[in-house]
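In what follows, a structure is listed as structure tokens, so that the remarks can point back to it.
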Amino acid sequence: MRAPLWLVRVGLVGLPSLVPLLTRSPQAQGVPADHGTIVIAVGTLATLPVPTVITGRWNQDVSDLLFLKLARLGPELATGGDKRFIPQLAKSWTRRDSLTLVFDLDPRARWHDGTPVTSRDVVFTFRRTLEPGVDPQRALLLRYLASVTEEGPQRVVFRFSRAYSEQLYDAVYHVQPLPAHLVDSIPYSRFATSSFAQHPIGNGPYRWVALVPGQRLEFTANPDFFLGAPKLDRVVFIEARDPEAQLNLVLSGTADALENVVPVTNIPRVADNPSLRMLQVPSFTVSYLLFNQRSRSDRSVPHPILADSVVRLAIALALDRATLVKNVFGVYGAVPYGPVPILSWIRDPKVNPLAQDTARARALLRSRGWVDANSDGILVRNGVPLSLDLNYPVTSAPRKQMALGIQEQLRQIGVKVELVGMEGAAWNEARNRHDFDIDFSSVGLDPSPAGLIQSWSCEGLSGTNVGGYCDPKVDSLLIQGIFARKDALPTWRRAVQQLEQDVPAVFIYAPIYAFAVHRRYANVNIRPEGWWAALGEWSVTPGQQLERDRTPP
Amino acid sequence: MPGWLFSRLLQAAATLAAAIVVLFFLMRLAPGDPLAQLAGERQMSLQEVEVLRARYGLDQPLTSQFSAFVRGVLRGDLGTSISQRRPVTNILAERLPATLLLGGTVLVLNFTIGIWLGVLQARRKGSRADRWLSTLSLAGYATPSFWLGLILVWLAAVRWHWFPAGGMVDPLRSGESGLSRILDVARHLFLPVLTLSIVSMAVTMRHQRTAMLEVLGADFVRTARAKGLDEGPVIWHHAWRNALFPIITLFGLWLPVLVTGSVFVEGVFAWPGLGSLSQEAISGRDYPLLMGTALLVSLTVVLGNVIADLAYFYLDPRVRR
């Protein structure tokens, strides 16, 4: 069974000659010392990062590299007023009156084909976004925008139907202008499959190079970028759907960065790697136990148990949320106060969520007639046991893990919780059908608190307010918050306080994402509202370039 | 032969048609729909969901949706993916080569080396080599492929840097072609192929060994040897041909499994094949994409069976009669 002699000879002679091919090392060709390349491992590769057809965060994050907004949020992420924004396509803006904003575009701004960015591009994109059926979500967010018009090639005028403090935010944040000269002849129905969408031409710091679906998406630096050419000359996103595979890619050096290391038990593996550093990126996500306040079988009837706010409060008091969060997330999570993300400008850091108080929880339930009649540990009232289903998606490891802790903590006060783990799509459908007692929900919010109205107002009952919560006092405060032209903060905080008092949900955790990034990068900035939007500002610490950094794209 | 072949192909077409019908309606019966998923992601109102439902034809009765799907299939149009908003045929065409490369390589290795080792074991029954190979094949048989993959990638990629940890090509050497491209793909292919081959080869070896042992004791083999034939022709021309039937059945079963069954291995090695695509389609309830992948898998199952039947027909005179 020995290998033939000729094979041994070929191996001895041939293999060394293959080595250079396998480990080819291109020579540096005048790449500046702080320039480089980055390979980012992601769970889902963007396939359509083009404004007006974007779905999913993965597309939105990447579109920030290609398409600028008129202005972006400042570091404090405030969404009210006209001042705390950083110019991008718009050089400046002025207010004509309480309903009119005027933007002057930066004359240096160019599309990647060299054509100047003009007011026509802005007007075209807003009109298209607001066309029926194009993007109902954004159209809803822009419902107070009455018109967008051109005043010459560099000036755009926004008129609103109502005066409110987030007019500028609405004008700049939700829409990224498209090049009208390239896309206005493409009907929207064919836009997603058009050659433009497959090879978009933007105006941002990076230009599109190639997409190989399921494998990689490549960008190259735009050397003519009017706000300063990026120093990372080449950006490549690679797809690995499995979190373990993503981690292996970064640990083995194939990838230089990894977004959101999950589960958190993997974080020590990254921390132990001397070439990587961990970055904490707070999120706009809030996860909560949503109570269904209407009967599951008949929405016109209140829920037999959870319509009672005292029972809901008892459940909130029974939970030791800080321990639940610490056990699952370590330092990568916090307990929110109300449906307010860690980063929201309306968050009040001085107010703490309810602490666990099981004695009070038991007393509250007793006061409503819930007693342990047969000493089996489960409370009963009029023969009905205090038993509730808790729906959660099995695809979410943190929620799955926490659900067990919640079940145990509620058992301590006599509440029986049946855990109903469901596959993601089935869980979503059950939630939208209101088929749950308690739903372990999670939502990624906008930087603006105005979005709270969708899930926590009577107006939202026909939409995403699936728990059936309705308090006119909260509605009134939310509306006041939206339309306050000055000092909106106290109003927003009162609304959140009222929400906490009504206990439509128990707000369990707000995750902090853990990013792994190679240590050679400098000026590393991951923006919570757009993870890779600041990639154009990153550079490589001189003297720490790797071979891949010295290879021209 | 033509009559038999025609009836076999007809049977295959009927099986495929039945599979399509069952798959289509089963998927619609499963809880969850793509728009519920989208609504969850994007906080859409019910009215907005209805607009999208109409856009994708999901507001139509199931029978109309089915007939539209069948008409599309007959035209070679599998519809547009809801999550990716691109034609399903394009998406499948992008992913199929990676799957065929991985599955095909494993299939070839499995049915060459696996068979050869099985025959070797049978020839040397009870020897030290046989005992070692039996132990190894038992271990391979009992090893979950995803676990083996994780161990291999941790050792060979993360710790020793011998092979890439994932993907099909080096993301920074995408523009290359020719030999260096082939070598790059080969380096990326090595670990996933090794993972899948160890497991699948173990099965083939065990089946082949058992089948050969039965045949080697048969009278016609003794007769061949008594006639003074060399051991090589006795083994490969007389014995092996008769010990091939269980392997043909195994081949028919492995063919579809290598398209579908590598979901976990594709996940561990970030291999851009159909396995990860079907996973994506299932979790997002992307009906057109799901039907496209399901159709492809059904086609492979039917094809596997047809190939196995043809091989039986060719090798076994009793079938021809």
Cut-off is 10 Å between beta-carbons; in what order do B:299, B:52, B:196 appear when sorted fewest neighbours first? B:299, B:52, B:196
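Taking square-rooted eigenvalues a ≥ b ≥ c of the alpha carbon gyration tensor, is the stretch A:443-553 rounded, prolate or oblate, where a/c under 1.5 means rounded and, failing that, a/b exceeding b/c means prolate? Please report the intermediate quantities before stating the final value.
Details: a/c = 3.54, a/b = 2.83, b/c = 1.25.
In terms of gyration-tensor shape, prolate.
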Using 11 Å as the cut-off for backbone N distance, which residues of the stretch A:141-184 belong to the label zone defined by a point 7 Å from the Cα of residue A:486 along Cα→Cβ? none
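Charges only on Cβ, +1 for Lys and Arg, -1 for Asp and Glu: so what's the dipole of the stretch B:83-166 about the Cα centre, in debye to the nearest 20?
Values: 9 positive and 2 negative charges, 34 e Å.
In total the dipole reaches around 160 debye.
Taking 0.36 nm per intervening residue step and subtracting the Cα-Cα distance, what contour gain separates residue A:96 from residue A:326 on full extension?
Numbers: separation 230, 0.36 × 230 = 82.80 nm, distance 5.02 nm.
Stretched fully, the residue A:96-residue A:326 segment lengthens by 77.8 nm.
Compute the relative contact order of chain A as a whole-number percentage, counting only Cα pairs closer than 8 Å that sit 6 or more residues apart in sequence. Show your work: numbers first, answer last.
Numbers: 1078 pairs, mean separation 112.8, N = 553.
Here the relative contact order equals 20 percent.
If the only charges are +1 at each Lys and Arg Cβ and -1 at each Asp and Glu Cβ, what is the size of the charge dipole of the protein assembly as shown around the Cα centre, to the nearest 20 debye? Please report the intermediate quantities before stating the final value.
Values: 87 positive and 72 negative charges, 324 e Å.
Rounded to the nearest 20 debye, it is 1560 debye.
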Zone residues, the stretch A:429-453, relative to residue A:298, backbone N less than 19 Å from point 7 Å out along Cα-to-Cβ: A:434-437
First check a/c for chain A, with a ≥ b ≥ c the square roots of the eigenvalues of its C-alpha gyration tensor; if it is under 1.5, answer rounded, and if not, answer prolate when a/b is larger than b/c or oblate otherwise. oblate
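Suppose a student asked you for the relative contact order of the stretch A:405-468, using Cα pairs under 8 Å spaced at least 6 residues apart; what percent would you report?
Values: 31 pairs, mean separation 12.2, N = 64.
Answer for the stretch A:405-468 is 19 percent.
Could you work out the mean count of beta carbons from other protein chains within 10 Å of each residue's beta carbon in A:213-226? Numbers along the way, then the final one.
Details: counts 8, 15, 11, 8, 1, 4, 0, 0, 0, 0, 0, 0, 0, 0.
Mean inter-chain Cβ contacts per residue within 10 Å come to 3.
Could you work out the helix-only [θ] at 222 nm for chain B, with each DSSP H run of four or more residues adding -39,500 (n - 2.57) and the total divided by the number of residues, to the nearest 500 deg cm²/dmol? Intermediate results must be reported in sequence, preceding the final value.
Details: 15 runs with 228 residues, N = 321.
Only helices count here, giving -23500 deg cm²/dmol.
Over the whole of A:247-257, what's the average partner chain Cβ count within 10 Å per residue? Rounded to a whole number, please. Walk me through the intermediate numbers first.
Details: counts 2, 11, 10, 2, 6, 12, 5, 11, 5, 0, 0.
Other-chain Cβ atoms within 10 Å of each residue's Cβ, averaged: 6.
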Determine the distance separating the Cα centre of the stretch A:211-264 from the Cα centre of the stretch A:85-141; give it in Å without decimals. 29 Å
Quick one: net charge of residue B:269's neighbours, Cβ under 13 Å, K/R +1, D/E -1? -2
First measure r as the distance between the Cβ atoms of residue A:501 and residue A:359, then evaluate 1/(1 + (r/R0)^6) with R0 = 30 Å and state the FRET efficiency to the nearest 0.05. 0.90
Binned at 5 Å starting from 0, the alpha-carbon pair-distance distribution of the stretch A:191-264 in whole percents comes out as 3, 14, 18, 19, 16, 15, 10, 3, 0
Which value in nm describes the separation of the simple spin-label points at residue A:459 and residue A:272, placed 7 Å from the Cα toward the beta carbon? 5.3 nm
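Sort A:283, A:185 by Cβ crowding within 10 Å, fewest neighbours at the top. All intermediate terms of the calculation are to be shown ahead of the outcome.
Details: A:283 19, A:185 8.
With the sparsest Cβ surroundings first, the list reads A:185, A:283.
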Which whole number gives the average count of other chain Cβ atoms within 10 Å of the Cβ atoms across peptide A:56-63? 1
Can you tally the net charge around residue B:140? Count Lys and Arg as +1, Asp and Glu as -1, for every other residue whose Cβ sits under 14 Å from the Cβ of residue B:140. +2
Can you list residues from other chains, or at least 5 along the same chain, whose modelled amide H is less than 5 Å from the amide H of residue B:167? B:270, B:271
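Nearest 0.05, what FRET efficiency do residue A:473 and residue B:22 give at R0 = 56 Å with Cβ-Cβ as r? Before the final figure, lay out each step's value.
Details: r = 54 Å, r/R0 = 0.96.
Taking R0 as 56 Å, the efficiency between residue A:473 and residue B:22 is 0.55.
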Virtual paramagnetic centre 7 Å along Cα→Cβ of residue B:15, amide N under 20 Å, in the stretch B:290-312: B:292-312
Cα-based shape type of the stretch B:176-321, given that a ≥ b ≥ c are square roots of the gyration tensor eigenvalues and the cut on a/c is 1.5: prolate
Quick check on packing: order B:88-95, A:57-64 by the mean number of other C-beta atoms within 10 Å, highest mean leading. A:57-64, B:88-95
Taking every DSSP beta bridge with both residues inside chain A, roughly what % is antiparallel (nearest 5)? 75 percent
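How many lysine pairs are close in chain A, with Cα atoms under 18 Å apart and the two 8 or more places apart or on different chains?
Working: A:69/A:83; A:69/A:91; A:83/A:91; A:83/A:486; A:326/A:400; A:400/A:416.
Final tally of qualifying lysine pairs is 6.
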Normalise the Debye intensity by I(0) for the stretch B:86-129, one equal point scatterer per Cα, no solvent, then take log10 at q = 0.15, 0.17, 0.25 Å⁻¹ and round to two decimals. -0.55, -0.60, -0.82
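Throughout, read-outs are computed from the coordinates displayed, never taken from laboratory work. This structure is a prediction, so every number in the text was calculated from the model and none was measured. Here the Cβ is made from the backbone with ideal geometry for all residues, glycine too, and neighbour counts use every protein chain on show.
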